[in-house]
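The values are calculated or read from the model by the stated rules, or taken from the named source; none is laboratory data. Please read these numbers as outputs of a predicted model, since none were measured by experiment. Don't worry about glycine lacking a Cβ; one is built from the backbone with ideal geometry, like all the others, and counts go over all protein chains shown. To get the accessible areas, we keep the full protein, side chains included, count just its heavy atoms, and leave off ligands, DNA and RNA. Shrake-Rupley method; radii C 1.70, N 1.55, O 1.52, S 1.80 Å.
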Amino acid sequence: MTIARAHTNIALIKYWGKKDPTLIIPYANSLSLTLDQFYTTTEVTFADEAAHQDEFILNGQRLAPKATTRLAAFLELIRQRARVQRYFKVKSENHVPTAAGLASSASGFAALALAASTTAGLQLSSRDLSRLARRGSGSACRSIFGGFVEWHKGYDDQTSYAEPLQADQHVAMDIGMLALIISDQPKQISSRKEMANTVATSPFYDAFIQACEQDMIILKQAITQNDFVTLGQIAESNAMKMHATTMGAQPPFSYFLPETIQAIQAVQRVRREGLDCYYTMDAGPNVKVIGRASELETLQVRLTELLPNTPMVAARPGPGAMLLSDFEFGQ
Ligand code: DP6
């Protein structure tokens, strides 16, 4: 039996679009910050010899077979690689504050990759683990590592993997994030579906990919120079360019809700008042505010005054995927 934990990550340069949807090879490099607050803990054992499929229990609930196709396909990859026949029993807990509405596929597939590959007897390097997690969900390849992480797009299964920017995973920058919970409803359109539609139909897509290359150079320089303001400006602008691609898609689409705009305006206002903060968004209406870790509390107090009905969770840089003892499972 193996227990693993992985934390979620938020991209500062977004991954949006697959060149190879089967292997999950992206069109551009992306760069994220792994957080300390939202994580998945997953226990994997072999199922009984007699079992004829994998079994999944998520937050105490057994998943119906039709909800497990993607998970089962992922475990099949591990069986093939490890040359084992046995099915797995997977018990997973998502530690995302209730109603946070934050994506859990990154932490989920990173934890599953580590726990299931270890149970199957594979001892993968971090890079190979990142390549494996990528096959479950693209952003999961970044959650194998802590701190700032870059996903090198590569051109095939071998060359597409994530890597931490600072080798010791220590983040020197005074940085944190506030997750603003705008909606806890399941998203209208999955990121996977909308991403594919955007690549296929949006005339803005090529411009986004070009912009990502330029943004990546400036953002990495900002991290090296410990320049928080430039990092925030680039992350904000990159996220909005990603969202612009969906508006240009056919049919036009946006993840924004009216409350999303209100939250963005509140961040802009607090910034005008003198507190450095920037917004980013993923494939949903929630807004993540990038702030200095040392100013996160002040930021939360001020934003709560402006958005009294919006729950907020403060997060700081978090660690990479890790193995746990069974004592720690419920924590
Ligand atoms: C907007 O990793 O969830 O959060 O590879 O199809 O599973 P799949 O997509 P996923 O997409 C994440 C998209 C994003 C940007 C990002 O995290 O880089």
(message) Given the DSSP H assignment, sum -39500 (n - 2.57) over each helix run of at least 4 residues in the chain and divide by its residue total; what's the result at 222 nm in deg cm²/dmol, nearest 500?
(response) -11500 deg cm²/dmol
(request) With the full set of protein chains in place, find how many percent of the accessible area of the range 41-158 is carbon and sulfur; take the probe as 1.4 Å. (result) 47 percent
(request) Can you tell me the FRET efficiency between ILE218 and GLN250 if r is taken as the Cβ-Cβ distance and R0 is 25 Å, rounded to the nearest 0.05? (result) 0.20
(request) Place +1 on the Cβ of every Lys and Arg and -1 on the Cβ of every Asp and Glu in the range 168-270, take the dipole about the Cα centre, and give the residue among THR246, VAL267, GLN225 whose Cα lies farthest towards its positive end. (result) THR246
(message) Using the Cα atoms of the chain, I'd like the radius of gyration and the largest Cα-Cα distance, Dmax, both in angstrom.
(response) 19.3, 65
(request) Work out how far the C-alpha atoms of the range 218-303 reach from end to end along every principal axis, then list the three figures in whole Å, largest first. (result) 42, 31, 18
(request) Would you mind checking which residues have amide H under 5 Å from GLY147's amide H? H placed 1.01 Å from N; only 5 or more apart, or other chain. (result) THR34, GLY318
(message) With 24 Å as the cut-off, how large is the P(r) tail for the range 1-119, expressed as percent of Cα-Cα pairs?
(response) 31 percent
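Pulled fully out, how much extra length does the chain show between LEU275 and GLN85, if you take 0.36 nm times their separation in residues and subtract their Cα-Cα distance?
62.8 nm
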(message) Report D for the range 264-316 in µm² per second (integer): Stokes-Einstein, Kirkwood Rh on Cα pairs, 20 °C, 1.002 mPa s.
(response) 190 µm²/s
(message) How large is the convex hull of the C-alpha atoms of the range 97-224 per residue, in Å³?
(response) 157 Å³
(request) First compute the accessible area of the range 192-303 with a 1.4 Å probe, then give the percent of it belonging to carbon and sulfur atoms. (result) 54 percent
(request) Rounding to the nearest 20 debye, state how big the charge dipole of the chain is about its Cα centre with +1 on each Lys and Arg Cβ and -1 on each Asp and Glu Cβ. (result) 700 debye
(message) Let's test the formula: R0 of 25 Å, r as the Cβ-Cβ distance of THR230 and ALA207. What FRET efficiency results, to the nearest 0.05?
(response) 0.70
(request) Starting at the first residue of the range 64-77, write each ³J(HN,Hα) from the Karplus equation 6.51 cos²θ - 1.76 cosθ + 1.60 with θ = phi - 60°, in whole Hz, x for Gly and Pro. (result) 5, x, 6, 8, 10, 3, 5, 5, 5, 5, 5, 5, 4, 4
(request) Give me the distance in nm between label points sitting 7 Å out from Cα along the Cα-to-Cβ direction at ASP174 and LEU323, one decimal. (result) 3.9 nm
(request) Give the cross-link partners of LYS19 among the lysines, using a straight C-alpha distance below 22 Å as the criterion and excluding same-chain residues fewer than 8 apart. (result) LYS153, LYS193, LYS241
(message) Just the number please: accessible area per residue for the chain, 1.4 Å probe, all protein chains included, in Å².
(response) 45 Å²
